[in-house]
1. If a residue must be at the interface with another protein chain (Cβ under 9 Å from one of its Cβ atoms), in a strand (DSSP E or B) and in contact with a helix residue (DSSP H, G or I) (Cβ under 8 Å, 6 or more places away or on another chain), how many such residues does the stretch A:174-206 contain?
2. Quick check on the stretch A:245-260. Is at least one of its residues modelled with pLDDT of 95 or more and part of a loop (DSSP other than H, G, I, E, B)?
3. Given the criteria touching a residue at least 40 places away in the same chain (Cβ under 8 Å), on the phi < 0 side of the Ramachandran plot and more than 16 Å from the chain's Cα centre (by Cα), does residue A:159 qualify?
4. Residue A:216 passes all but one of (1) surrounded by fewer than 20 Cβ atoms within 10 Å (Cβ to Cβ); (2) in contact (Cβ under 8 Å) with a residue 60 or more places away in the chain; (3) within 25 Å of residue A:364 (Cβ to Cβ); which number fails?
5. Looking at (1) more than 7 Å from chain A (Cβ to nearest Cβ); (2) modelled with pLDDT under 60, which one does residue C:38 not meet, given that it meets all the others?
6. Could you tell me whether residue A:9 is in contact with a strand residue (DSSP E or B) (Cβ under 7 Å, 6 or more places away or on another chain), more than 9 Å from chain B (Cβ to nearest Cβ) and modelled with pLDDT under 95?
7. Could you say whether any residue in the stretch B:65-74 is farther than 14 Å from residue B:110 by Cβ and within 14 Å of chain C (Cβ to nearest Cβ)?
8. Specify which of the listed residues (A:57, A:92) is modelled with pLDDT under 85, more than 14 Å from chain B (Cβ to nearest Cβ), farther than 30 Å from residue A:178 by Cα and surrounded by fewer than 18 Cβ atoms within 10 Å (Cβ to Cβ).
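The values are calculated or read from the model by the stated rules, or taken from the named source; none is laboratory data. Just so we're clear, the structure is a prediction, and the values are computed from it rather than from any experiment. Note: ideal-geometry Cβ built from the backbone for every residue, glycine included; neighbour counts use all protein chains shown.
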């Protein structure tokens, strides 16, 4: 996908806040009977990721409570305990362990058919701090068959580097989201979403390096620090659908197209079904395919040092595809067993992802320079959680 | 760039205009006219005809087991029914679901003292132009429509009670 | 592909949507039993979907347009 003309991006980005404000103001002047707040619930989840030499586990706890007919609040606490001996780490550094904690607070306010949500998130790890604030408006329209969502988020990242206390860089992010969901029939609902994100500042990883051909070394290549542009703007458009089958089951599908100013374009396709079994069990299964073409300034092996203004060898920016197969099962119990709560459930989800890189090579494997085998790895993900509605 | 800006502003003003135009549906309204007659079967098996209830004040509540606000207001409707029944009043809960089993199991768990009528073909829902869930209609002793309330939020039962109290005294 | 993201085309799509302003709802509120079913929710367990979203965002280059809300019982 060719790069968006800079002028168009700037024109649209500058006008969006004003347009957004106009919509926000107009929504408050409409007086219609109300919609409903999200349900009160508490969830406690255990997550585990294991793949490519990386193991990340931790808890995630989410509590949502309404305080009146129009106000609801939620708190989220999340931890990543990382133990990493990934391909990047073993190639250019040494395995490490660290922990990342993320806390969020959100408030929802319902006024007639408008739901306004505001949230704040803070993520902390030894060498990276991120703060985000977001605001979202959800409006039910046209006989409640249509829901329009508009959201804006702003993030601030502070990047550090372990062992280098003088290293202190910043990056900021702006997200604009617009989505429309539409009830098509008694059994079909569809939604289209558009999100544009622009980042500015220090966008690369302070530990990562790129490699270039170097006949003066025994292995024929050397490393140098990666150099990224200081801006990135991306656009993503997605379409999703959910269809209710008689005998109570749901099938779903979604497609997303993505492109950004770094030259990355990607497609995501997902299909799945949700199948209730007996009276208390729900089975879910899905398949997801993702492929991306790499960034313009990405290369696994540059021809010489400082070959380009921008240099990247981050496999996340390479050309690759991944395939996910996921299954999940939930058991629901109602308040006959435990009357303090309306209902509860226990769920277990397992996802298996196969990553296949087209231009990122595995330097831990033997091969002549530039001909090492292409990298691939698989990851297993567990999500085990309990939910209570009250 | 100016044309792009004007276009954006014009389109969003259009959105604003549509939203204002759509603001026609109020939550509460006084209505008039004869209440359309109907005959529906209740969960207990008997046929209930609206015209046979003339002389009584009738509150018709259209509900479904999947509707959160409908579930919330049930106990309040039950309380109003019990309080004013002796003065010539009844609540009629009209369930709008295709599957009768849903209404049956809901009422089995949370029994009420007023008749639950089954409108699985939605003929009465269409007759009363139900455009929101729940919908509450109050009919006076002469069989005339008097009060319409769409949706339910905490505190709306006070309005129901007020309306019923007023009509019961007529 | 870049055409979709041009402001003009996107806004034309919004206008078409708005032109249906006066359309009468073709799914009556009492016909929403299936849509109100929890299994028809786009996001039944937000705590689980947000984690998976994080897994993909940190390993893939693409980001955005992952969330949607709507449907449900359409009550009130």
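1. 5
2. The answer is no; no qualifying residue exists.
3. Working: touching a residue at least 40 places away in the same chain (Cβ under 8 Å): yes; on the phi < 0 side of the Ramachandran plot: yes; more than 16 Å from the chain's Cα centre (by Cα): yes.
The answer is yes for residue A:159.
4. (2)
5. (2)
6. On the way: in contact with a strand residue (DSSP E or B) (Cβ under 7 Å, 6 or more places away or on another chain): yes; more than 9 Å from chain B (Cβ to nearest Cβ): yes; modelled with pLDDT under 95: yes.
So residue A:9 fits the description; yes.
7. Of the residues in the stretch B:65-74, the ones farther than 14 Å from residue B:110 by Cβ are B:66, B:69.
Then drop every residue that is not within 14 Å of chain C (Cβ to nearest Cβ), which leaves B:66, B:69.
Yes, there is a match, as at least one residue in the stretch B:65-74 is farther than 14 Å from residue B:110 by Cβ and within 14 Å of chain C (Cβ to nearest Cβ).
8. On the way: A:57 fails: modelled with pLDDT under 85.
Of A:57, A:92, the one residue that is modelled with pLDDT under 85, more than 14 Å from chain B (Cβ to nearest Cβ), farther than 30 Å from residue A:178 by Cα and surrounded by fewer than 18 Cβ atoms within 10 Å (Cβ to Cβ) is A:92.
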